[in-house]
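J.: Below you'll find the structure I mean.
The values are calculated or read from the model by the stated rules, or taken from the named source; none is laboratory data. What you are looking at is a predicted structure, and each value in this text was computed from that prediction instead of being measured. Quick reminder, even Gly has a Cβ in these numbers, built from the backbone with ideal geometry, and neighbours come from all protein chains shown.
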Amino acid sequence: MKKLSILVADDHMLLRQAWRIVLNSQPEIEVVGEANNGKEVVEKALLLKPDIVLMDIGLPLMDGITATLHITQKLPQVKVLGLSAYTQPSYARKMIQVGAAGYLTKNVTALEMIKAIEEIKNGRKYICNEIKENLSQQVFSEADDQPNINCLSHRELEIVELIRDGLSSKEIADKLFITPKTAEAHRYNILRKLKMKNTAALVNFINSQAQFV
């Protein structure tokens, strides 16, 4: 049975040796070469035509993202698995955009690395658990920054409806039996709570909320 051939690219010899030991410990995997810069990994990929290239992003001479693009364009049958110290989802996205089949951070366990290689070998994509976790935190953080109508008081909700109906602060004051100054203060607080720059943005937001339709 033919072993899965892997080319390892990283500019740190110690890491290349460590990965070689981990990968060669698997009976179905064989490390067929190493590269310590981007140009070398492209040259060796063209020469060796491995099944998978384990690609560090921060390579000298040519970065791993550019090297991945060269390899995936010239050798579409070769799968590239990104491996980097960068834990931001944006780096994983960049690698996938240039054709990589997966992305791992250097915090992964040997077990997860082997799992990623297995997934890629079978034609699937793989993003490591750390990136998935960081991405979910990013999504929830962005969601927390979105305006939330539930943060408004009952009085502020009343004023929001009147603003949507086009009433001025004086007209709102007359309708609710408050002073124009108080109406203006409420308007200011509503804009601040909903992170709106002006009344036009507020009206657009109100019209998008089901409870005001």
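J.: Do we have Glu28 as over 16 Å from Ala116 (Cβ atoms), over 27 Å from the mean Cα position of the chain (by Cα) and either surrounded by 17 or more Cβ atoms within 10 Å (Cβ to Cβ) or assigned by TED's automatic domain parsing to the domain that holds Ile120 (or both) here? Give the steps one after another, and end with the answer.
T.: Values: over 16 Å from Ala116 (Cβ atoms): no; over 27 Å from the mean Cα position of the chain (by Cα): yes; either surrounded by 17 or more Cβ atoms within 10 Å (Cβ to Cβ) or assigned by TED's automatic domain parsing to the domain that holds Ile120 (or both): yes.
Considered against the rule, which asks whether it is over 16 Å from Ala116 (Cβ atoms), over 27 Å from the mean Cα position of the chain (by Cα) and either surrounded by 17 or more Cβ atoms within 10 Å (Cβ to Cβ) or assigned by TED's automatic domain parsing to the domain that holds Ile120 (or both), Glu28 comes out as no.
J.: Further, regarding this structure: Are there any pairs, at least 6 apart or on different chains, whose C-beta atoms fall under 9 Å, with the first in region 150-169 and within 14 Å of Leu191 (Cα to Cα) and in contact (Cβ under 8 Å) with a residue 12 or more places away in the chain and the second aromatic (Phe, Trp, Tyr) and surrounded by 13 or more Cβ atoms within 10 Å (Cβ to Cβ), and if so, which?
T.: Close Cβ pairs satisfying both conditions: Val160/Phe212; Glu161/Phe212; Arg164/Phe212.
J.: I've got another one for you. When you scan region 91-113, do you find a residue that is farther than 27 Å from Leu23 by Cα and exposed (fewer than 13 other Cβ atoms within 10 Å of the Cβ), even just one?
T.: Among the residues of region 91-113, not one is farther than 27 Å from Leu23 by Cα and exposed (fewer than 13 other Cβ atoms within 10 Å of the Cβ), which makes the answer no.
J.: Additional query: Which one of Asp63, Asp56 is surrounded by fewer than 19 Cβ atoms within 10 Å (Cβ to Cβ), in contact (Cβ under 8 Å) with a residue 24 or more places away in the chain and closer than 17 Å to His12 by Cβ? Explain how you work it out, then say what you get.
T.: On the way: Asp56 fails: surrounded by fewer than 19 Cβ atoms within 10 Å (Cβ to Cβ).
It is Asp63.
J.: Oh, and also: Spot the failing condition for Tyr91; the list is (1) free of Cβ contacts under 8 Å to residues at least 60 places away in the same chain; (2) in contact with a Phe, Trp or Tyr (Cβ under 9 Å, 6 or more places away or on another chain); (3) under 18 Å from Thr109 (Cα atoms), and only one is missed.
T.: The failed condition is (3).
J.: When both residues are 6+ apart or on different chains and their Cβ atoms are under 9 Å apart, which pairs have a first residue that lies in region 185-196 and is closer than 17 Å to Lys170 by Cβ, and a second that is among the small types (Gly, Ala, Ser) and crowded, with 17+ Cβ neighbours inside 10 Å?
T.: From residues that are closer than 17 Å to Lys170 by Cβ, the pairs are His186/Ser169; Arg187/Ser169.
J.: Filter region 47-65 for residues that are assigned to a loop (DSSP other than H, G, I, E, B), modelled with pLDDT of 95 or more and touching a strand residue (DSSP E or B) at 6+ places or on another chain (Cβ under 6 Å) and give the result.
T.: Pro50, Asp51
J.: Test of understanding: among Thr68, Thr87, Thr72, which residue is touching a strand residue (DSSP E or B) at 6+ places or on another chain (Cβ under 8 Å), polar (S, T, N, Q) and in a loop (DSSP other than H, G, I, E, B)?
T.: Numbers: Thr68 fails: in a loop (DSSP other than H, G, I, E, B); Thr72 fails: in a loop (DSSP other than H, G, I, E, B).
The match here is Thr87.
J.: Any residue at all in region 84-107 that's closer than 22 Å to Leu4 by Cα, modelled with pLDDT under 95 and of a type in the set (Phe, Trp, Tyr)?
T.: No, region 84-107 contains no residue that is closer than 22 Å to Leu4 by Cα, modelled with pLDDT under 95 and of a type in the set (Phe, Trp, Tyr).
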